[in-house]
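Here the structure comes first, spelled out in structure tokens, and everything after it is commentary.
The values are calculated or read from the model by the stated rules, or taken from the named source; none is laboratory data. From a predicted model like this one, the values you see are computed outputs, not experimental measurements. Neighbour counts are summed over all protein chains in view; Cβ atoms, including those assigned to glycine, are modelled from backbone coordinates with ideal geometry. For accessibility, only protein heavy atoms count, side chains too; no ligands or nucleic acids. Shrake-Rupley method; radii C 1.70, N 1.55, O 1.52, S 1.80 Å.
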Amino acid sequence: MCFSESGKKMTHKITSIFCLHTGLDMSDFAERLRLLRESRQLTQTRLAELIEVDPRAYNRWERGTIAPHLDTLIRIADVLQVSLDELVGRKPLSTESRIRNHSLNSLWQQADTLPDQEQQALILVIDSFVKKSMVEKAVGRPANVTKRAATLATARTPKRTSLAPA
């Protein structure tokens, strides 16, 4: 027995019609959804947050007991950075490199529209963070970013001088 996204019981006949009409098997979709989520290193709860649904509903999709609505499928495809056809298994998954973090991917797409000079500056900033992280891993201790930020803020703040005569 399957359930709709709202939790109402659907007959096996309706599910069969859906599968026949779309040519999709719900268990195949559920497995593909799980594999895509795991390949992006997302938990079910985190993906549910990103697509703004209840984690319990998401869990049911991965178990194949219910199917998400079209608007939800679109949000899932956007967050997982796949086409709808790739998401539902009508086309093979693209081998194109993807950024797993949804927020970072969104910023990256926006940064891609920046002028070349600003992109070069961004590359330098990102490169410095990556190199810093690599050094910290090699040394075996993470830098205290909060302490550094406070030190930098103090160093950049101009010292106030008294206007009163001495």
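I'd like to check something: does the stretch 10-20 contain any residue that is modelled with pLDDT of 50 or more and either charged (D, E, K, R) or loosely packed, with under 11 Cβ neighbours inside 10 Å (or both)?
Looking through the stretch 10-20, none of the residues is modelled with pLDDT of 50 or more and either charged (D, E, K, R) or loosely packed, with under 11 Cβ neighbours inside 10 Å (or both).
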| task | Name the helices (runs of 4 or more DSSP H) wholly inside the stretch 44-144 in which the number of residues that are of a type outside the set (Gly, Ala, Ser) and open to solvent by 100 Å² or more (accessible area, probe 1.4 Å) is 1 or more. | result | 44-50, 55-63, 70-80, 102-111, 116-139
| said: Can you report the number of residues in the stretch 32-71 which are over 10 Å from the mean Cα position of the chain (by Cα) and on the phi > 0 side of the Ramachandran plot? | reply: 2
| task | For the stretch 50-64, name all the residues that are out of contact with any helix residue (DSSP H, G or I) (no Cβ under 8 Å at 6 or more places or on another chain) and more than 21 Å from LEU84 (Cβ to Cβ). | result | ARG56
| query | Right, ARG37: in a helix (DSSP H, G or I) and either under 23 Å from SER106 (Cβ atoms) or among the small types (Gly, Ala, Ser) (or both) or not? | reply | yes
